[in-house]
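Report on one structure; see the data block that follows.
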Amino acid sequence: MNQALADIIPVIQQAKNVLIATHVFPDVDAMGSLLAMGNILCSMGKKVYLYSEEPANHILEFLPGAEKLNIGLPGLEQFDCCLALDCGDELRLGRVKDNLLNIHPFVVVDHHAGHKKFGDFRWVDPGKSSTGEMVYELALELGVKIDYATAYCLYSAIVADTGSFKYASTSPRTLHIAGELLTRGVNPAEISGKIFDNFTKNRLHLLQEVLATLKLYEDEQLAVITVNKDQFDKTGTTPVDTELFINYPRSLATVKIAAFIKESKDFVGVSLRSKGNYDVTSVAGKFGGGGHRNAAGFKLQGKTIDDVRKVLLPELKLLLNASSN
Ligand SMILES: [Mn+2]
């Protein structure tokens, strides 16, 4: 067994009352892992508190147990362990990060490349497809039988973070685990439907708007799409509805790197996607963000979409021309 994994097992076994947290603006991997871990610890007779800064958005509501999320913090002295899942940086714990980091032992399970170390015990493996895959390994080591709801959450986490087993992070072990989860009765078509074909008409109208912003650079190897506040207002949508839009420019045969610049309430967010060895974490890192080699992001405050495009394009061109693919 991996040493870091071996080190956190007794810590989790000894805990009696655990607060489980994940990153702000959770995605399916974050939320699926959190809910699954909650079930796993409950089945070991532990008390758990599933913490989230915001209620689960409508895209995550299909996950069994999503209604068990707690918004806000109770008295923290009751907890004898905090478990942070899918969180590559303590800042991503959100507004109450300092309160959470006061809980000890603080255990971190994460798969982000460029993970910034925090907490007392860490199992960080950027080679893993998803935190869902890591939670499965944890359950095995803890000797817990995975029930249907847990399998549902973990399969969803893995499918979402691998883009339906398409990304380079999909390993033989990933597929083996996915297979094991299916033996618990999980229906793969149902879950794919919930993740990829579960959208509103308004979202499709927003997609029309966003695709019309497509700009291609560097012999069509670099694609940029944008969305602004007016487009959200006009279509009755919010930034949550832009999930997966970045895959459209990325799907062009010629495109090596795709960027999506999103105007939000008080910041401009950027999602970056790449193919092969083009490491977009390096670019995200220059702007204070992070992520994985082929999927990363960052946020800038006090800038317009055009400001961001101006500083981002040279960096992406540099990456495109420096990498040997
Ligand atoms: Mn993840």
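Tabulated data for the structure shown
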read-out	value
Contour excess over end-to-end distance, with Cα ends at Tyr148 and Gln208 and 0.36 nm allotted per residue	17.8 nm
Gain on full stretching of the segment that runs from Val24 to Ala168 - 0.36 nm per residue minus C-alpha separation	49.3 nm
Cα centroid separation, the range 161-215 to the range 42-110 (Å)	24 Å
Förster radius 22 Å - calculated FRET efficiency between Phe196 and His176 (Cβ-Cβ, nearest 0.05)	0.45
Computed magnitude of the charge dipole of the chain (debye, nearest 20; Cβ of K, R +1, Cβ of D, E -1)	400 debye
Theoretical gain in end-to-end length, Asn187 to Asn277 [0.36 nm per residue, Cα-Cα removed]	29.1 nm
FRET efficiency for Lys303 and Asp7, using Cβ-Cβ distance with R0 set to 45 Å, rounded to 0.05	0.60
Debye-sum result for the chain in log10 I(q)/I(0), which assumes one identical scatterer on each alpha carbon, at q = 0.10 Å⁻¹	-0.58
Angle between the chain longest axis and helix 148-161 axis [Cα atoms, degrees, rounded to 10]	30 degrees
Rounded tilt (10° steps) of 3-14 against the dominant C-alpha axis of the chain	50 degrees
Distance (nanometres) between label positions extended 7 Å along Cα→Cβ at Leu216 and Glu77	6.4 nm
Rounded to 10°, Cα long-axis angle of helix 201-211 versus longest principal axis of the chain	50 degrees
Pair Lys286, Thr254: separation of 7 Å Cα→Cβ label points (nm)	2.3 nm
Relative contact order (%) - criterion: Cα under 8 Å, at least six apart; region: the chain	13 percent
Over 20 Å between alpha carbons, listed pairs Lys194/Lys229; Lys46/Lys145; Lys215/Lys286; Lys47/Lys128; Lys256/Lys317; Lys262/Lys310	Lys194/Lys229; Lys215/Lys286; Lys47/Lys128
Antiparallel bridges, percent of DSSP beta bridges restricted to the chain (to nearest 5)	45 percent
Packing-based order for 11-19, 78-86, using average beta carbon neighbours within 10 Å, highest first	78-86, 11-19
Within the range 201-322: Cβ-based charge dipole about Cα centre, in debye rounded to nearest 20 (Lys, Arg +1; Asp, Glu -1)	180 debye
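Throughout, read-outs are computed from the coordinates displayed, never taken from laboratory work. Quick caveat, the model's predicted, so the values are computed rather than measured. Because the Cβ atoms are built from the backbone with ideal geometry, glycine has one as well, and the counts that use them run over all protein chains shown.
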